[in-house]
C-alpha cells in the first residue's frame, strides 16, 4: 500500500495521537493550573483540530510538502523550508522520547535501571523509521484497537475512584496560570506538523478535512476526560504523579484480590506510545527524503544515524529531564505554534506543482 | 462490510503474536529478578521522633521455609535512626546488607510523639518514592511505633498483619474504624481544608495468654531495638478511636461513638451495630442500609446540614425475650425514637469536635471552595467558628 487511507488516518488522529499526551503532560498541567488542567488541553485540541483541518485540505492536492513549497518558493527555498519542518520534528520528538525513557525505567522496573535498559528502543526506532512513511497506515490499523482497548481498560478501573467535583470551581487557578499552562502544553501538540510530512501520501476522500478534525477532537475529548479523572483521583497531589496513565487505575478495589490486572491495559497503551514516540523521527527522515530524493540506502542510513543521535541526546540528558522540559515548555514553546498552527493555514494559498525529482 | 474488510486486512498471526508478547510480559513475574536473599521486603514501617531526628522500625518479611508446621509469615523488626526517614531506611542496607524494598509496604505507623509535629516531615519520603505504593494504610499509635511493631500479637505472627486486619473492608463497614491511606491523607493535607484523620491504634495485653518460645516473632534488630522475644506477653490491638489532623499535626481524637457517626455520615456502614434503649434496657440494632452526607448552606448564618439515613434491624436485646420477639427483626417505634436521639447525640458531639479542634474532617471548607470561590475567600478563616449544625437523622426499621 503506497498511501495512507482515510480510515488509517482517522485511526491515527482519534486513537494514537492522544496517547502521547497521557504520560507527563497531566502532571505538568496540574503543577501549573491545578484543577483547571483540562482547560489548556481543551484549547490546544481545538486549535490543533483547526490545524489538522487545514493540513487535510492541503492533502486534497495530492502533493507532498516539498512539492507544495518548491512550486511557489523555488527548489532551494522549498528544500530549506521542508528541512526546517524536519528539524522542528526532531526537536519536538526529544521530549516525548525522554518521557518514554523515564516511563519505561520508572514503571517497568522496581529499581532505577541503567540507560542500557532503554537502548532496545533505538534498535526499534532505527528499524521502524527506515520504512516509508506510507507504511505507517498498516501500523495505525493495528494500533488503533490496541489504544482503544488500553484506554477503555484504564478508564474503567479509574473512573470509580475519581471525585469529579475536584475540578471545581472552574477558573480557580486564574487566567495567568491557565495561560502559562496553555503555553507550556504546546510541547505535546505537534500532530499537525506530523501530518504535514504525510502530505502526498494521504489518500484524500470527500469531506475528509472536517471529518479528520472531528476525529482529532474525539481523541481530545478522551484526553480531557482522562485529565478530569486524573485530577479527581489525586486532587492537590496530582502534580506529583508523573506517569499519569499508569497511576489512576491502581486504586480499583478488586486489585487487592486480582493483583494489578490493569497493567495489561497499561502495556497496551505503552506499546502505542512507543510507536508514537518514533513518529517525529520518521517525519524528520521523510523531510530529508523529500528534499534530496530517495536513494535506496538513504532511509536506512538516516534512520540509523538519527536514532544514534537520539541515543546520544538521551545519554546526555539522562538526569536532566527537568531542564529539558523547562527549556521546551517555558523557553522554546513558541516554536510549536509556528510549525503546527501557523504553517498549515499559511500553506493553504500556495498552489504548488509537481516537482520533477520528487 | 467495511469493518469486516478492515479486520480481514490484519493478519491473525500478528494479533496472536502481540497477545502472546503482552501476556508474557504480564506473567513474567519480573523474570525473577528480585533476589529475596539480598532484599529486605519491608511490610510495615513505624516512625518515631527522636532527639536527633527520626527512628524508623522496619518490619521485614522473612521466608520461613516450607515446613508446614511452622508455616505463616515470619518477620524481623529492625530499628534505624537518622536525621531523615530516607537516612533511616538506607541505614538498613549499611547494617544488614539487605537492600530495602518498599513496594510491599502496606502499613505506616506513626508514634504518638511524632504526630505532635507536621507529619509530612516523615511522610514526604514515601510520597516522593515511586517504588512505594501510596495506597498503603496509615495509622497513629499510642506510645511509640517501635514498641507496637515489635510487640507479639495474639492473633498473628507479625504485628503488622494483625493491625492490618483491623483495617479490613469488613472492619471499615462495621463503622468501628475509619481507615486512611497515604494518598488520601496527602490529599486532605494539601487540600483547602488542610485536614485529615487516621485510625488511632492501641494495644493491650491479652489476658491469660503468653507467646510460646518458638513464636515466629522477629528476632532482635540493630540500634538497640529488639523484636519480640519468646515468652513476651501477647497483645491485642484496637483502633476504634480516630486521630484528627490539622496542617499535619494531631489536634484531637474522635472517640468510638464519633468514629461510628463519621462512618455513618460517609455512608460506609453495613452490618455495623449501635445500641439504643427501650424501657431502660439496651437494644442493639444492626445497620443494613446507610446513606449520609454533609451539605453547607451559606444563606444567612452558615449552616452545615449533617444527615444520616439508616435502615436497621433488631439484633439483640439485653434482656430475656419471648420467641415471637426473637423471630422478628422489626424495630419498635420506641427504639427507633431512641436510636434517632442516640445518633443525633453522636453527630452533635462530632460537630462540636470539628469546631473545637479546627480539623475540617467534615470538609465544609472544601464544599464552600467548590461551590463559590468568592465566598470561600470571604469565609475561610471564620467558617468553622460561625457555622451552625442542623442534624437530621432518619432511623428506619426493616419491615
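Rule-based calculations on the coordinates, nothing more; no lab input. None of these values were measured; they are calculated from a predicted model. Note that we place each Cβ from the backbone using ideal geometry, even for glycine, and neighbour counts take in every protein chain shown.
Peptide A:234-242 shows a mean partner chain C-beta count of 5 within 10 Å per residue C-beta. So if I take the centroid of the Cα atoms in the range A:142-207 and the same for the range A:268-336, what is the distance between those two points in Å? For the range A:142-207 versus the range A:268-336, the Cα centre distance is 21 Å.
Against chain A, whose longest principal axis is taken from its Cα atoms, helix A:175-184 shows a tilt of about 50°. Considering only A:169, A:337, A:145, the mean-square fluctuation computed in a Gaussian network model of chain A, springs between alpha carbons under 10 angstrom, is largest for A:169. Using C-alpha pairs below 8 Å separated by at least 6 residues, the relative contact order for chain A is 43 percent. Ranked by the mean number of other Cβ atoms within 10 Å of their residues, highest first, the peptides A:220-229, A:200-209 come out as A:220-229, A:200-209. Against the main long axis of the alpha-carbon atoms of chain A, helix A:38-59 sits at an angle near 20°. Comparing A:274, A:41, A:176 in a Gaussian network model of chain A, where Cα atoms under 10 Å apart are tied by springs, the biggest mean-square fluctuation is seen for A:176. In chain A, the longest principal axis of the Cα atoms and the axis of helix A:298-316 are about 40 degrees apart. Here the Gaussian network model covers chain A, with springs between Cα atoms less than 10 Å apart; of A:54, A:33, A:81, A:81 fluctuates the most. Would you mind pulling out the separation of the Cα centroids of the range A:23-87 and the range B:279-305, in Å? Result: 56 Å between the Cα centres.
The mean number of partner chain beta-carbon atoms within 10 angstrom of a residue's beta-carbon across peptide B:128-141 is 2. Peptide A:3-13 is shielded by partner chain Cβ atoms: per residue, an average of 1 of them sit within 10 Å of its Cβ. Using a ≥ b ≥ c from the Cα gyration tensor of the range A:130-275 (square roots of the eigenvalues), is it rounded, prolate or oblate, where a/c under 1.5 gives rounded and otherwise the larger of a/b and b/c decides, a/b for prolate? Verdict is oblate for the range A:130-275. Beta bridges from DSSP with both residues in the protein assembly as shown: antiparallel share about 70 percent, rounded to the nearest 5.
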